[in-house]
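Let me begin by presenting the structure, written as structure tokens, before commenting on it.
The values are calculated or read from the model by the stated rules, or taken from the named source; none is laboratory data. Just so it is clear, the model here is predicted, and its values are computed rather than measured. Cβ atoms come from the backbone with ideal geometry, glycine included; neighbour counts cover every protein chain shown.
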Amino acid sequence: MDATTDDHLVIEPSVLYVGTPVYLVVTENADGSPNLAPASSHWALGRMLVLGLEADGQTATNLAERPQLTVNFPAASQWRRVERLSAVTGRDPVPKAKTGQYRFEPRKFELAGFSPKPSELVSPPRVREAPLQFEGEVRRMTPGVDPGYYMVEVEVVRVHALPELVVPGSNHIDPRAWHPLVYSFRHYFDRGAEVGWTRKSAIAPGPPDTGETASCLSSPLDEIDRWEGFGGTWALRRLDVDGAVVSLCRCDGGEEVSRIESADPALLEWAARQELQP
């Protein structure tokens, strides 16, 4: 094909939701009652979430006055409950832009078939039925370029997860056990089959082509083997009573991309047979 040929179409879709997990955000109304609302615009970095929330919704109003919330991630199987919230609002009167499409509903938990569960560090409750729940404090609300939304920066102060989602003995979510409700171009989806993993993944991959999954943490030696399998190199930087430090470097042996610091007995035994490098 000619390199100058463009085999893509130029289109103007009505929405740009390429696919993000749905979340249920709970805030506190002025009278102390909870407001429950579905949303999907968000991204995460470290302990911070950035939420995209409608400016004329009750959620934004509540957060401006009482900057605490919970962010609850429903399972894919709960999509019907989430959809029951699609045509209701906690604002009374209903905002002009939503008149005719939305109705005021103060009892959203009951409407959707969810139930509130007390939080531990913030005032708004969690959604009891949601498998993954975050408690958060708003650190900043920024009006969008489009005045119809806010970018809400939230520090997550506590995470709650169902036991079956957590790798035993760890703080890691097992991605193969987690089935979020994904919203893509106004349709709901379950998570599909795993197609790969990153070098920073803490969960060991299952045997290839078997359909099986592994729920154990990768050992440091597994990480080194995997790195070599991708063509990378490594260098032992330190070995002492506190443990070993191994640099994971690019294929030319140059820039360090990541490093392993561990006192794992198997790693220490392996490191004792290697040559320290500056």
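Conditions: (1) touching a residue at least 24 places away in the same chain (Cβ under 8 Å); (2) in a loop (DSSP other than H, G, I, E, B); (3) within 30 Å of E194 (Cβ to Cβ). N171 meets all but one. Number of the miss?
Going through (1) touching a residue at least 24 places away in the same chain (Cβ under 8 Å); (2) in a loop (DSSP other than H, G, I, E, B); (3) within 30 Å of E194 (Cβ to Cβ) one by one, N171 breaks only (1).
Would you mind finding the one in P67, P13, P38, P34 that is modelled with pLDDT of 95 or more and within 16 Å of S184 (Cβ to Cβ)?
P38
Filter the strands (runs of 3 or more DSSP E) completely within segment 216-278 down to those with at least 2 residues that are crowded, with 16+ Cβ neighbours inside 10 Å, among the β-branched types (V, I, T) and out of contact with any Cys (no Cβ under 9 Å at 6 or more places or on another chain).
Details: elements: 233-240, 243-249, 256-262.
Fully inside segment 216-278 and qualifying: 243-249.
Here are R140, R176, R128: which of them is modelled with pLDDT of 95 or more and farther than 20 Å from F114 by Cα? First the steps, then the outcome.
Details: R176 fails: modelled with pLDDT of 95 or more; R128 fails: farther than 20 Å from F114 by Cα.
Step by step, each of R140, R176, R128 is checked, and only R140 is modelled with pLDDT of 95 or more and farther than 20 Å from F114 by Cα.
Among the residues in segment 127-141, are any among the hydrophobic types (A, V, I, L, M, F, W, C), loosely packed, with under 15 Cβ neighbours inside 10 Å and under 24 Å from Q68 (Cβ atoms)?
Restricting attention to segment 127-141, the residues satisfying the condition of being among the hydrophobic types (A, V, I, L, M, F, W, C) are 127, 130, 132, 134, 138, 141.
Those left that are additionally loosely packed, with under 15 Cβ neighbours inside 10 Å: none.
For segment 127-141, residues among the hydrophobic types (A, V, I, L, M, F, W, C), loosely packed, with under 15 Cβ neighbours inside 10 Å and under 24 Å from Q68 (Cβ atoms): absent.
Just give me the residues in segment 20-39 being closer than 15 Å to R107 by Cα and in a strand (DSSP E or B), in sequence order.
L24, V25, V26, T27, E28, P34, N35, L36, A37, P38
Does segment 89-109 include one or more residues that are touching a residue at least 40 places away in the same chain (Cβ under 8 Å), touching a helix residue (DSSP H, G or I) at 6+ places or on another chain (Cβ under 8 Å) and of a type in the set (F, W, Y)?
no
For the structure I just gave you, tell me whether P124 is more than 22 Å from A76 (Cβ to Cβ) and surrounded by 15 or more Cβ atoms within 10 Å (Cβ to Cβ). Give the derivation first.
Numbers: more than 22 Å from A76 (Cβ to Cβ): yes; surrounded by 15 or more Cβ atoms within 10 Å (Cβ to Cβ): yes.
Answer is yes for this residue.
Provide a single number: the residues in segment 118-162 that are more than 17 Å from the chain's Cα centre (by Cα), without any contact (Cβ under 8 Å) to a residue 60 or more places away in the chain and either not in a strand (DSSP E or B) or not assigned by TED's automatic domain parsing to the domain that holds P180 (or both).
9
Each row is one residue, and each column tells you yes or no for (1) in contact with a strand residue (DSSP E or B) (Cβ under 6 Å, 6 or more places away or on another chain); (2) of a type outside the set (D, E); (3) at pLDDT 70 or above.
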site	(1), (2), (3)
A204	no, yes, no
G211	no, yes, no
P220	yes, yes, yes
E228	no, no, yes
S247	yes, yes, yes
E256	yes, no, yes
